[in-house]
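Novice: There's a structure below that I have some questions on.
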Amino acid sequence: MSALIAACSIAVTAWLASQATTGAIRQEQGEALAVDARIYDELLGFAATHPDWSGVQSTVDRLAVETGRRVALTTPGRAVLADSGGPGAPELPVNARVQVDPLTVNAVLKPGGGEVDPRAVGPFALDGGSLAELESRLARVRQCAAVVVRRLPGERPWVAESTAPAWTTAPDGNGRDGGQRCDALWVNAPLEVEWPALVDLEGRTAACLARTSPPSAAPSPSTPVSPPVSLRALAKRDAGWYLRDEVTGDPELAACALAARREQLASHVAQPALLFLTAPTGGEPRPIDLSTAGATRIALTGAGILVVAGLASWGTATAVVRPVRALTAAARRMTGGDRSVRVREPSGEVGELAGAFNALSERLAEVERQRRAMVSDVAHELRTPLANITGWLEATQDGLAEPDPALIAMLLEEAFLLQHMVDDLRDLAQADAGALRLHREPVDVVELVAQTAAAHRVSARAQGVRLEVACAGELVLHGDPVRLRQVLANLVGNAVRHTPSGGSVVVRGRGGGGVVVLEVVDTGEGLAPEDLARVFDRFWRADPSRNRATGGSGLGLAISRHLVELHGGSVVAESEPGVGSVFRVVLPAGDA
């Protein structure tokens, strides 16, 4: 979870930081570009309204003070025209920022400025009276129709679109024809003072067309624009003829009209100059430097991410620490002796830890239950023979019983039972402590089975139980013969004790697949399924009331399971009530 939060925090931080930084850089670049565009526009206006660059130094100095830049103008040959840095300023960069030419406007620094700066008026300059006359005509046209007005160089109005047809007259106050025109042609028609310049422009355009078009490609008389007569007619009726669709729609004609305008205005504007914009010290400007607002925005973004990450970490830590604290409290209660304590199991690694703790607690509770049961069972099993021995000895001492051979034999049997129980407890203690050692050697399984059966045949005959042996071929395994005989003796003795008279006990041995299988099959009363699961528990008996009748310490099967597992094998029990039981021991053969 911590890794996930860290990864998400890093990813979000990187993304937000990049977005904030990118936005700040774009803003700074936009501001720097706006400053460059302002400087460029002012110098472009100076060039458009002056025939040369003389007198531009004051403008350059003012722009440098207002923008904090070093502003310098040079000729294309890098001869200095004006420099805000003064005579001792550092050398200018190799590359200029832009070329200032009013006849070729830079579309990046002055978008929508047109091919030629509109402030370059030249011979088309009109006095105040002429402009007033045109504005008056435009006002009357707007009374008649909706119009789209553009401004030609010198702020001359020019109707680009109009809903009024040609030669429309404005009505008088009574709604009759007032005799005054109010159509677009009336506004666009050249004034007398404009005519010489328009004729000159038309002539230059016609000359350009003559140079670029072969005689065979000359337009037919039906073409709307056909030099030189149609251009002359167009120029007569429209001061902005070079902006009309008939001209702009013809690439060749539009190119010649633009070239003619530039040629006509060349002597009225300043020559192209290189513009250099640098830091006041002369170095390149740094448009990506973050402003205070940009740096503040990035800092606030980082602080916000830090707060969110901190809250997420706090929430995650709380979710992790709360179950850990519960585990700590439960462990302390367990240390104090409470084996019933359990904790909630959340999801994730902490949940796995809680599950392991609960399993440990359950196991400890079970071990404690078994310990208490074992203490109770040991006390019970030891008390009965000790009580018998003590009682008969006291009776003999008091003269109530004679120490005859029968009494001595009975007391000796009780003592042997105590010794057998103590030996079994010692074996279990050694097995639990891992101190039980095996002395391995090759063991003849057939001989092992025969010896065990012979040792129990007398007791089986006494109970009326038939004891048989069935071994196939030669069987050899590598183990401790004493402990293996103890295992088999426990199983056979247990089967004989719990098989009624007339029943049988069969001891089988077989091999194959790298294992040796020993089975003890009886026809006793059998075990219920719920008892079968506890048959190897210590001191457990299916019927506690028969413990003295059948004998045994109640530890034999538990010891047998430990000994078989020490040999690397397993022991299982199968039983059916009223039919009998099968105890099967599987041991590895050879040197396993």
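Novice: Tell me the net charge near Glu576. Cut-off is 13 Å between Cβ atoms, Glu576 excluded, with +1 for each Lys or Arg and -1 for each Asp or Glu.
Specialist: Values: positive: none; negative: Asp522, Glu525, Asp531, Glu574.
Around Glu576, the charge tally is -4.
Novice: Okay, moving on. Collect residues whose amide H, placed 1.01 Å from N in the peptide plane, falls under 5 Å from the amide H of Leu277; neighbours closer than 5 in sequence don't count.
Specialist: Arg97
Novice: Return the distance in nm (one decimal) between the two label points of a simple spin-label model at Ala210 and Ala462, each offset 7 Å from Cα along Cα→Cβ.
Specialist: Placing both labels 7 Å along Cα→Cβ, they lie 15.2 nm apart.
Novice: Rounded, prolate or oblate, given the Cα gyration tensor of segment 437-588, with a/c below 1.5 counting as rounded? Please list the in-between numbers first.
Specialist: Details: a/c = 1.71, a/b = 1.39, b/c = 1.23.
In terms of gyration-tensor shape, prolate.
Novice: So for each of 369-375, 441-447 I average, over its residues, the number of other beta carbons within 10 Å; can you give me the resulting order with the highest mean first?
Specialist: Details: 369-375: 12.4, 441-447: 15.3.
So the order, starting with the most tightly packed, is 441-447, 369-375.
Novice: Another question, if that's okay. Return the distance in nm (one decimal) between the two label points of a simple spin-label model at Ala89 and Gln430, each offset 7 Å from Cα along Cα→Cβ.
Specialist: Calculated label separation equals 10.6 nm.
Novice: Here's a follow-up. Amide H of Trp53 versus every other amide H placed in the peptide plane: which residues, excluding those fewer than 5 positions away on the same chain, fall under 5 Å?
Specialist: The answer is Gln271.
Novice: Then there's this: I want the local charge near Pro346. Using Cβ-Cβ distances under 15 Å, sum +1 for each Lys or Arg and -1 for each Asp or Glu among the other residues.
Specialist: Values: positive: Arg322, Arg325, Arg342, Arg344; negative: Glu345, Glu349, Glu352.
Here the count lands on +1.
Novice: What is the packing order of peptides 260-271, 404-415, 39-50, 487-498, taking the mean over residues of other C-beta atoms within 10 Å and listing the highest first?
Specialist: Most protected by this proxy first, the peptides run 487-498, 39-50, 260-271, 404-415.
Novice: Provide the packing ranking of 143-149, 239-245, i.e. peptides ordered by the mean count of other C-beta atoms within 10 Å per residue, highest first.
Specialist: Result, highest mean Cβ count within 10 Å first: 239-245, 143-149.
Novice: Give me the extension gain from Leu393 to Arg510: residue separation times 0.36 nm, minus the current Cα-Cα distance, reported in nm with one decimal.
Specialist: Working: separation 117, 0.36 × 117 = 42.12 nm, distance 4.98 nm.
The Leu393-Arg510 span can extend by a further 37.1 nm.
Novice: Sticking with this structure for a sec: Take the Cα of Ala472, step 7 Å along the line toward its Cβ, and report every residue of segment 508-523 whose backbone nitrogen sits under 19 Å from that point.
Specialist: Only 508-522 fall inside the zone, counting backbone N under 19 Å.
Novice: Another question, then. Summing +1 for each Lys or Arg and -1 for each Asp or Glu, what net charge is found among the other residues whose Cβ lies under 15 Å from the Cβ of Ala365? Walk me through the numbers before you get to the answer.
Specialist: Details: positive: Arg333, Arg339, Arg342, Arg363, Arg369, Arg371, Arg372; negative: Asp338, Glu362, Glu366, Glu368.
Result for the neighbourhood of Ala365: +3.
Novice: Continuing with this model, one more query. Roughly what would the spin-label model give for Arg150 and Glu565, points 7 Å off Cα along C-beta, in nm?
Specialist: 10.1
Values quoted throughout were computed directly from the atomic coordinates according to the rules given, and no laboratory measurement underlies them. None of these values were measured; they are calculated from a predicted model. Don't worry about glycine lacking a Cβ; one is built from the backbone with ideal geometry, like all the others, and counts go over all protein chains shown.
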